[in-house]
Amino acid sequence: MTTASSPAPRGAFSSRLGFILAASGSAIGLGNIWRFPYVVGENGGAAFVLIYLAFVFLIGAAVMLAELALGRSTQRNPVGAFKAAAPGSLWRLVGLLGVITGVAILSFYGVIAGWTVGYFVKTVAGDFAHQMTADESTALFGTFVGSPATSVAYLAVFLAVTAFVVYGGIAGGIELVAKILMPVLFALLLFLAFRSVTLSGAGDGLRFYLAPDFSKITAQTFPAALGQAFFSLSLGMGAMITYGSYISKREHLVSAAGIVCFFDTLIALLAGLIIFPALFHAGLSPTSGVGLVFQVLPTLFAELPAGQLFGAAFFLLLAIAALTSTISLLEVPVSYVIDEWGWTRPRAVTVVTIATLIIGVPSALASGAVPFFSNLPGVGTDFLSLMSIIFGNYSLTIGSLGLALFVGYRWGITAASAEIEADGTPFRVRKAWGFLVRVVSPAGITAILIYIIATGNYF
Ligand code: PHE
């Protein structure tokens with residue numbers, strides 16, 4: 001893909017693989033390897049995982065297909081897509097919510113992505129070379145994220161690299177690099193999972209992760225699992241509308257959506273298989289929050305021959321996986337201001353990136369650097385976690401609800417199906433999909449939102 005927004009001529013992905021790579025690149029990232037394990041940990045383990053899987057396949061996959069079809073049909077950025085499919089209506093506000101959500105997610109996602117770069121540097125420098133106890137690893141993490149200058153600097157660096165890629169329209173180049181590196185990351189994850197499950201004490205971790213204890217389910221479990229499904233699949237804010245607008249009409253959207261959902265889920269499950277056994281082995285707590293994987297992983301690398309090498313490779317690959325996600329996060333607001341406000345790409349990228357950096361500063365200071373942001377008075381959590389819940393869970397959930405209602409009732413299953421069949425393959429599961437988009441997704445999402453409002457248990 002070239003620059004992901006200019007209205008015409010719209011560069012199409014040259015090959016099917018090109019699209020699958022870009023969409024998987026957006027989906028696979030910190031959401032799978034950082035967010036999934038810590039959210040599983042905070043929500044009690046295996047029961048949460050089961051609910052998450054149900055949401056991915058009953059709601060996420062259907063919404064993904066709907067977003068891709070809308071994007072390919074309208075050939076627009078998210079706001080433009082709603083405008084084109086329903087001129088003059090308020091549906092465009094769903095697109096606008098997506099644009100705002102993109103900036104908000106990028107602001108804290110960039111902080112974590114910055115940490116991965118920092119951990120890469122630390123690993124190369126040999127900070128984790130010796131046998132690492134859980135206490136040491138936790139202390140090291142605390143010192144690292146507790147330094148205001150370091151956190152903000154890494155955030156700025158990561159946003160700058162993202163901006164550079166989006167500005168130069170070289171996302172396609174990055175995706176090509178990712179094409180070679182993601183299988184390497186996958187192989188490394190498999191290897192790490194193998195080492196982790198053979199550690200002493202791994203059994204407790206596996207039990208926590210895989211043997212459901214339904215008494216751990218609370219009202220919070222549902223929005224957290226649903227939000228995680230949307231977050232991990234990059235749904236509910238228009239990223240897949242944007243990528244859909246680049247797929248050729250010859251491609252079969254159903255299998256494309258299926259492949260992305262499958263690999264995204266596989267990587268998340270694998271990440272859990274690495275983190276939980278190692279976590280119990282090291283004696284860390286599953287409820288450590290946003291720092292969880294950064295505290296666990298160095299203890300695992302210390303158990304490996306050539307751990308420094310594996311550790312460095314891991315953090316580097318993770319940073320690249322994060323980059324293919326931040327590109328899609330930035331592309332949504334950038335393409336919006338270019339298409340809808342008539343800004344030039346350089347101006348759009350510069351202004352949106354600077355705004356994101358400013359919004360991201362409190363998140364960068366929320367893990368100890370500034371006590372106020374690290375433990376918001378009256379909220380009971382830190383600023384970054386709060387952003388992750390509000391925008392990562394609720395905003396994507398509301399955006400996905402809007403999208404399902406729009407495609408189900410306004411644009412319509414017939415029009416969407418015609419788009420899905422544009423490649424000439426009959427859409428065999430059309431009825432089932434229509435039911436998921438029109439009934440299951442909206443009803444499921446609404447029920448969860450009402451339940452949460454009724455219990456008042458928002459976080
Ligand atoms: N899906 C990405 C990840 O899991 C994050 C993301 C969310 C990207 C929403 C785009 C839109 O890392």
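Observations on the model:
- Flag if Phe164 is open to solvent by 10 Å² or more (accessible area, probe 1.4 Å) and touching a residue at least 60 places away in the same chain (Cβ under 8 Å): no
- The stretch 226-242, subset in contact with a Leu (Cβ under 8 Å, 6 or more places away or on another chain) and more than 15 Å from Ser441 (Cα to Cα), residue farthest from the ligand (Cβ to nearest atom): Ile241
- The residues on offer are Val197, Val184, Val177, and the sole one that is more than 16 Å from the ligand (Cβ to nearest atom), modelled with pLDDT of 95 or more, more than 18 Å from the chain's Cα centre (by Cα) and open to solvent by 40 Å² or more (accessible area, probe 1.4 Å) is Val197.
- Among the helices (runs of 4 or more DSSP H) confined to the stretch 251-366, the ones with at least 3 residues that are within 14 Å of the ligand (Cβ to nearest atom) and open to solvent by 10 Å² or more (accessible area, probe 1.4 Å) are located at 253-282, 307-341.
- Of all the criteria given as (1) over 18 Å from the mean Cα position of the chain (by Cα); (2) within 30 Å of Glu303 (Cβ to Cβ), the one not satisfied by Gly71 is (2).
- Residue tally, condition closer than 25 Å to Leu70 by Cα, touching a residue at least 24 places away in the same chain (Cβ under 8 Å) and open to solvent by 50 Å² or more (accessible area, probe 1.4 Å), over the stretch 440-459: 1
- Among the residues listed as Thr218, Thr242, the single one being within 26 Å of Ser400 (Cα to Cα) and open to solvent by 10 Å² or more (accessible area, probe 1.4 Å): Thr218
- Scanning the stretch 105-117 for residues that are open to solvent by less than 10 Å² (accessible area, probe 1.4 Å) and of a type in the set (A, V, I, L, M) gives Ile105, Leu106, Val111, Ile112, Ala113.
- Failed item, numbered, when Phe36 is tested on (1) part of a loop (DSSP other than H, G, I, E, B); (2) of a type outside the set (S, T, N, Q); (3) over 27 Å from Ala422 (Cα atoms): (1)
- Residue list for the stretch 118-139, restricted to those being touching a residue at least 12 places away in the same chain (Cβ under 8 Å), part of a helix (DSSP H, G or I) and open to solvent by 40 Å² or more (accessible area, probe 1.4 Å): Phe120, Val124, Thr138
- Where a residue in the stretch 393-406 is crowded, with 24+ Cβ neighbours inside 10 Å and its partner, wherever it lies, is at pLDDT below 95 and among the acidic types (Asp, Glu), with Cβ under 6 Å and at least six apart: none
- Matching option when the condition is over 19 Å from the mean Cα position of the chain (by Cα), assigned to a helix (DSSP H, G or I) and among the small types (Gly, Ala, Ser), among Ala84, Ala113, Ala104, Ala61: Ala84
The values are calculated or read from the model by the stated rules, or taken from the named source; none is laboratory data. If you're wondering where the values come from, they're calculated on a predicted model, not measured in any experiment. Neighbour counts run over all protein chains shown; Cβ positions are idealised from the backbone, glycine included. Accessible surface areas use protein heavy atoms only, side chains included; no ligands, DNA or RNA. Shrake-Rupley method; radii C 1.70, N 1.55, O 1.52, S 1.80 Å.
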